[in-house]
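J.: Sending over a structure as structure tokens; questions will come in a sec.
Since every read-out is calculated from the coordinates, none of them should be taken as a lab result. Predicted, not measured: the structure shown is a model, and the values here were computed from it. With ideal geometry, Cβ positions are generated from the backbone for all residues, glycine too; neighbour counts draw on all protein chains shown.
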Amino acid sequence: MACRYLVHGRVQGVGYRYFALKEAEALGVSGYARNLPDGRVEVVAEAEAVVLQGFEDRLREGPAFAHVTRVERFEIPARGDAGFQIR
């Protein structure tokens, strides 16, 4: 299963992408995280559905200095990514 998440709030300049990387590696999620020009962070993730649910819960929490106001989730076709990257 694969999902694209759009994370809203104070999520740039607070280590959010590195937080996503750490959580993805801990859970065995592949994909990437990148900043968007409008201040959101895009996360594309692929793993088993139950693993993605746990990952999404962590994305909603975010790191200590972030303030996540909303996470949008879109199911997408599996990409076959290996590992998790920051872009």
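J.: Quick one: angle between helix 49-61 and the longest Cα principal axis of the chain, in degrees between 0 and 90, rounded to 10, please.
T.: Here the helix axis deviates by roughly 10 degrees.
J.: Counting only residues 5 or more places away or on other chains, whose amide H sits under 5 Å from the amide H of Ile76 once H atoms are built in the peptide plane?
T.: When sequence neighbours closer than 5 places are left aside, the close amide H contacts are Ala2, Cys3, Arg4.
J.: Summing -39500 (n - 2.57) over the DSSP H runs of n ≥ 4 in the chain and dividing by its residue number, what mean residue ellipticity at 222 nm do you reach, to the nearest 500 deg cm²/dmol?
T.: Roughly -9000 deg cm²/dmol at 222 nm, from the helical runs in the chain.
J.: A further question on this structure: Scan around Phe84 for amide H atoms under 5 Å from its own, H built in the peptide plane at 1.01 Å from N, and keep only partners 5 or more places away or cross-chain.
T.: Gly31
J.: Rounded to the nearest 20 Debye, what is the dipole magnitude of the stretch 2-78 about its Cα centre when Lys and Arg each give +1 and Asp and Glu each give -1 at the C-beta? Numbers along the way, then the final one.
T.: Details: 10 positive and 11 negative charges, 64 e Å.
My answer is approximately 300 debye.
J.: Continuing with the same structure: Helix 16-27 sits at what angle to the longest principal axis of the chain, using alpha carbons and giving 0 to 90 degrees rounded to 10?
T.: 30 degrees
J.: Just to be sure I understand the curve: with the Debye formula and one point per C-alpha of the chain, what is log10 I(q)/I(0) at q = 0.25 Å⁻¹?
T.: Log-scaled intensity ratios, in q order: -1.31.
J.: Which of the peptides 20-26, 33-39, 45-51 is most tightly packed, and how do the rest follow, judged by the mean count of other Cβ atoms within 10 Å per residue?
T.: Values: 20-26: 18.9, 33-39: 13.3, 45-51: 16.6.
Packing proxy ranking, top to bottom: 20-26, 45-51, 33-39.
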